[in-house]
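Asker: To start, I am sharing the structure in question, which I have written as structure tokens.
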Amino acid sequence: MAYPLDPNAVKGPKEDCKMIVFGVSYTTTKEEFKEYFTSFGEVLECELMFNREGRSRGFGFVLYKDDATNKQVLNMQHTLDGRSLDVKVRDAVNHGRDR
């Protein structure tokens, strides 16, 4: 007998390793953001968030293909455009366990 899947249990691959990056300069472009994070490994997702006027909101998301790269990047100190970045696991921030 087949049982229906719990829609809350279905996540995309590696979705629990997606990182949120705080402290991004408002002058950083999406190309600069992606170039910086692709220097560590193959990126599945890399998105810098913008407001309606097209100005950076100062944060973005990154997800690497390789779990080891996700962990490595999480444990590093990052500086982009003269600003120190704060990289966290996204779900930890969403659930208030971090930050």
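The values are calculated or read from the model by the stated rules, or taken from the named source; none is laboratory data. Everything numeric in this text was worked out from a predicted model, so none of it was measured. Cβ sites come from the backbone with ideal geometry, for glycine too, and all protein chains shown count toward neighbours. The area values use the complete protein model at the heavy-atom level, side chains included, leaving out ligands, DNA and RNA. Shrake-Rupley method; radii C 1.70, N 1.55, O 1.52, S 1.80 Å.
Asker: Please go through the stretch 67-81 and pick out each residue that is open to solvent by 90 Å² or more (accessible area, probe 1.4 Å) and among the charged types (D, E, K, R).
Answerer: K71
Asker: Okay, next question. Anything in the stretch 51-62 that is touching a helix residue (DSSP H, G or I) at 6+ places or on another chain (Cβ under 9 Å) and at pLDDT 95 or above? List them, or say none. If you could, list the steps in order and put the result at the bottom.
Answerer: Kept after step one, since they are touching a helix residue (DSSP H, G or I) at 6+ places or on another chain (Cβ under 9 Å), are these residues of the stretch 51-62: 56, 60-62.
Answer for the stretch 51-62, where residues must be touching a helix residue (DSSP H, G or I) at 6+ places or on another chain (Cβ under 9 Å) and at pLDDT 95 or above: G60, F61, V62.
Asker: Select from the stretch 51-66 the residues that are surrounded by 13 or more Cβ atoms within 10 Å (Cβ to Cβ) and over 19 Å from M76 (Cβ atoms) and list them in ascending order.
Answerer: Quick first cut of the stretch 51-66, residues surrounded by 13 or more Cβ atoms within 10 Å (Cβ to Cβ) only: 56, 58-66.
S56, G58 - these are the residues of the stretch 51-66 that are surrounded by 13 or more Cβ atoms within 10 Å (Cβ to Cβ) and over 19 Å from M76 (Cβ atoms).
Asker: Within the stretch 31-50, how many residues are over 12 Å from the mean Cα position of the chain (by Cα) and open to solvent by 100 Å² or more (accessible area, probe 1.4 Å)?
Answerer: The qualifying residues number 3.
Asker: Please state which of the following conditions S84 fails to meet, knowing it meets all the rest: (1) at pLDDT 95 or above; (2) surrounded by 14 or more Cβ atoms within 10 Å (Cβ to Cβ).
Answerer: Of the numbered conditions (1) at pLDDT 95 or above; (2) surrounded by 14 or more Cβ atoms within 10 Å (Cβ to Cβ), the odd one out for S84 is (2).
Asker: If N70 satisfies all but one of (1) out of contact with any strand residue (DSSP E or B) (no Cβ under 8 Å at 6 or more places or on another chain); (2) modelled with pLDDT under 95; (3) not acidic (D, E), what's the number of the condition it fails?
Answerer: Every condition holds for N70 apart from (1).
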